[in-house]
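FYI, it's all coordinate maths here, none of it is from the lab. Quantities reported herein were computed from a predicted structural model and do not represent experimental measurements. Here the Cβ is made from the backbone with ideal geometry for all residues, glycine too, and neighbour counts use every protein chain on show.
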């Protein structure tokens, strides 16, 4: 079953300095962190902040292509998690036909933010995702999404640093 989510923000893993996009469901009960690449994080942050670049960046170019071809992004779906790798699908409407394209979640999210498409996550992905407790030193794994949300909300800027573009 799919659960609609929204981008709650981007932060940086304090241990690996890898960007993390944080998704929350609309009721803010479930939280899903997805570690992503720096370029994709920059693209997502640009869309979140509504920053206009002088020339189209890659995801802006893709949106422009889709718009000019009359293709509508219906939704994106983060549909699987295998070997610590997330998988996503982009659902398109092309001449009243549904087309589903394989994608990395970060690219799909960047496109969804630009097109206003809804973001959905398969509930099994939320259940399968291991959430590391960053508030303690050790190897405790947090499986309660409420506890994970509390950890994220109680982190100070010194814990993560601020994502810079």
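For the pair residue 28 and residue 97, the difference between a 0.36 nm per residue extended length and the Cα-Cα distance amounts to 21.5 nm.
Sorted largest first, the principal axis extents computed over the alpha-carbon atoms of the range 32-94 equal 37, 29, 15 Å.
When DSSP beta bridges are restricted to pairs lying wholly in the range 69-134, around 80% turn out antiparallel. With the simple spin-label model, which puts each label point 7 Å out from Cα in the Cβ direction, the residue 35 to residue 18 separation comes to 0.2 nm.
The percentage of C-alpha pairs in the range 22-66 whose separation is greater than 13 Å is 65%. The residue 58 and residue 2 beta-carbon pair, evaluated with R₀ = 35 Å, returns a calculated FRET efficiency of approximately 0.85. Counted over all Cα-Cα pairs of the range 40-136, pairs farther apart than 24 Å make up 28 percent.
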